[in-house]
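The values are calculated or read from the model by the stated rules, or taken from the named source; none is laboratory data. Values in this document were obtained by computation on a predicted structure and should not be read as measured data. So basically every Cβ, Gly included, is an ideal-geometry build from the backbone, and we count neighbours across all protein chains shown. Protein only, heavy atoms only, side chains kept; ligands, DNA and RNA dropped before computing areas. Shrake-Rupley method; radii C 1.70, N 1.55, O 1.52, S 1.80 Å.
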Amino acid sequence: MNTPQRRLVERVAEHIKSKFADESSGHDWHHINRVRKLARQIAAQEGADVDMAELAALVHDIADWKFHDGDDTKGPIEAARLLRQEGATQDVIDRVTDIVATISFKGAGVHTAMKTLEGKCVQDADRLDAIGAIGIARCFAYGGHAGRLMYDPDEAPVMHATAEAYKAAKGTSLNHFYEKLFLLKDRMNTSSGRALAEERTQYMQDFVARFLQEWGSPAD
């Protein structure tokens, strides 16, 4: 349906596609587009506003704190700027930026509760793309981008109690599975998200077990 909101979604999609086409850390256009599609799917199943969920998914990584010196205010500001530029109403801007501000995982000891059903759908979609086969690939892609070791058997995972500790962490890519990825299954907001997360988490657990088997013991 060619409504003003659909036209807004498509204009924003074109902007984001151009902006993130060459990104190589796993936070590229393809990630955003997968989250967009999953958010629409989950929103439809959960009875949420599908267009609103899709719009928020499109801008959820517009200025991720990981690439802006830990500044988690940058994302909502940039999302609002783009939406305003594309003619969104203030109500739409407020609803979307609230999702962008809250979506990120910020540590094992930190819970970021979404206020709206649309936010819950987008957060689940984003977290689903962080797990499973693609989640494994993205984990190591980001680790390489950030200069992190793939694995160090002498470095134990850390369950970060605060957002500040999580942002400051420089742990290995393999430890990230314990520090975040394995935890996401139990933090899904929707029944749709939980159903998809079960199988993807099992796939990661099997991968990590095989990784450690092939790595061998420290004495080898």
Helix 74-85 axis, angle to the chain major axis (alpha carbon atoms, nearest 10°): 30
Rg [Å, one decimal], Dmax [Å, integer] - region 1-120, C-alpha atoms: 13.6, 44
Highest to lowest packing among 171-178, 55-62, scored as the average C-beta count within 10 Å: 55-62, 171-178
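On a full-extension model of 0.36 nm per residue, what is the gain between L149 and A169, subtracting their alpha-carbon distance, rounded to one decimal in nm? Numbers along the way, then the final one.
Values: separation 20, 0.36 × 20 = 7.20 nm, distance 1.26 nm.
Working it through step by step, the gained length comes to 5.9 nm.
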Area accessible to solvent at K66, 1.4 Å probe radius, in Å²: 70
Separation between Cα centres of region 174-198 and region 51-114, rounded to whole Å: 21
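Where does each of 150-162, 94-106 land if you order them by average Cβ count within 10 Å, highest first? Don't jump to the answer; show the numbers that get you there.
Details: 150-162: 13.2, 94-106: 20.8.
Output ranking for 150-162, 94-106: 94-106, 150-162.
Using unit Cβ charges (K, R positive; D, E negative) and no other charged atoms, how large, in debye to the nearest 20, is the dipole of the chain about its Cα centre? Working shown, then result.
Working: 28 positive and 34 negative charges, 84 e Å.
With Lys and Arg at +1 and Asp and Glu at -1, about 400 debye.
Please report the carbon-and-sulfur percent of the accessible area for region 1-86; probe 1.4 Å, protein heavy atoms only, DNA, RNA and ligands left out. Write down the numbers at each step before the final one.
Values: 1900 of 4080 Å².
Carbon-and-sulfur percentage of accessible area, whole number: 47.
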Where only C-alpha atoms are counted, convex hull volume of region 133-196 per residue in Å³: 100
Accessible area expressed per residue, the chain, with surrounding protein chains retained (probe 1.4 Å, Å²): 48
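Taking K and R as +1 and D and E as -1, what net charge do the other residues with C-beta under 11 Å from the C-beta of R6 add up to? Walk me through the numbers on the way to the answer.
On the way: positive: R7, R11; negative: E10, D51, E54.
So the environment of R6 carries a net charge of -1.
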Listed residues R194, R148 arranged by accessible area, highest first, probe 1.4 Å: R194, R148
Local electrostatic count at F207 - Lys and Arg +1, Asp and Glu -1, tallied over other residues with Cβ under 14 Å: 0
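Tell me the volume per residue, in Å³, of the convex hull enclosing the alpha carbons of the chain.
Values: hull volume 25.0 nm³, N = 220.
Cα-based convex hull of the chain, divided per residue, equals 114 Å³.
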Cα-based radius of gyration of region 1-58 once divided by 2.2 N^0.38 Å, which approximates compact folds: 1.14
Fraction of accessible area attributable to carbon and sulfur, region 123-179 (%, probe 1.4 Å): 60
